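The block underneath contains the structure these notes are about, expressed in structure tokens.
The values are calculated or read from the model by the stated rules, or taken from the named source; none is laboratory data. Everything quoted here is computed from the prediction, not taken from an experiment. In this analysis, Cβ positions are derived from the backbone assuming ideal geometry, glycine residues included, and neighbour counts consider all displayed protein chains. Remember, those area values only see protein heavy atoms, side chains included, never the ligands or the DNA or RNA. Shrake-Rupley method; radii C 1.70, N 1.55, O 1.52, S 1.80 Å.
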Amino acid sequence: MPELPEVETTRRGIEPAVTARTVERIVIREPRLRWRIPDELMEAEGQRVQQLRRRAKYLLFDLERGTMILHLGMSGSLRVMPAGTAPLPHDHVDIVLDSGNCLRFNDPRRFGSLLWTTEDPLTHPLLKSLAPEPLSPEFNADYLARVARGRSVAIKQLLMNSQLVVGVGNIYASEALFHAGIRPQRRAAAVRRYEFPRLVRAVRKVLNAAIRSGGTTLRDYVNAAGMPGYFRQKLYVYERAGEPCRVCATPIKHIVQGNRSSYYCPKCQK
Ligand SMILES: [Zn+2]
């Protein structure tokens, strides 16, 4: 499932191909995604793309008089290719641009979505209640300390709670806790005041590293089916149970928390 870094990698990959281009035509081969593609999406035809933004895992194509809201779902991906390239199975939508290219949306499981709004997209029902972005200034040590106060939930589950911060998935929460020296099962309320700045820095560091790896290995083609392979080689604990810690050589431990696997170094993390 594409996580925040993969969606940001997608955004950076396709941004140069779509910005300042006019949507000539939209070809819908299969409208039945997670929600049916609305007929109003056709209003985008003839409009120029002003910018491509991301909010959580939504891509926002701001046009002159409306915004296309796209979510990759579980298995979606976007590719830029010459318009008229023969479609493959699951190539559900083409957004044909005046450059002669098209942006093609492929989604085998069809949990993705493509919606249209003429209002401020940040006030759309799907977006209006989203928690802060982990790479924004709103996500800082004070914020994290405040939401952790008095909570008996484990710190890893707190980081993965999308009501508190969006887009920190299992891999990135595990890795960030390693870099911060905090065990994933520690109660959020038991994280010390001085550890929060460290944890915030660690979350940003792992997300930025993943985005950079994706950005260097992927250009116009973005396979959103998994994390960039290059980043996988840099993991410190995730899916490394029994292997030696890259810092102290102690075998990495595996536990299950809330049905999700967690990994940590019993020596480096307290
Ligand atoms: Zn270690």
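Brief remarks on what is shown
- Entry remark, region 96-124: residues being among the polar types (S, T, N, Q), more than 19 Å from the chain's Cα centre (by Cα) and open to solvent by 20 Å² or more (accessible area, probe 1.4 Å) number 4 in total.
- Test: residue in region 71-91 that is among the polar types (S, T, N, Q), within 30 Å of L41 (Cα to Cα) and open to solvent by less than 50 Å² (accessible area, probe 1.4 Å): yes
- Subset of region 226-235 that is in a loop (DSSP other than H, G, I, E, B) and open to solvent by 70 Å² or more (accessible area, probe 1.4 Å) - its residue that is modelled with the lowest pLDDT: Q233
- Within region 35-47, the residues that satisfy the criterion of being farther than 12 Å from I69 by Cβ and crowded, with 16+ Cβ neighbours inside 10 Å are E43, Q47.
Conditions tested, residue by residue: (1) open to solvent by 10 Å² or more (accessible area, probe 1.4 Å); (2) at pLDDT 95 or above.
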site	(1), (2)
P134	no, yes
E138	yes, yes
G150	yes, no
V165	no, yes
I171	yes, no
H179	yes, yes
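- Among residues of region 237-270, those that are within 13 Å of the ligand (Cβ to nearest atom) and open to solvent by 70 Å² or more (accessible area, probe 1.4 Å), counted: 8
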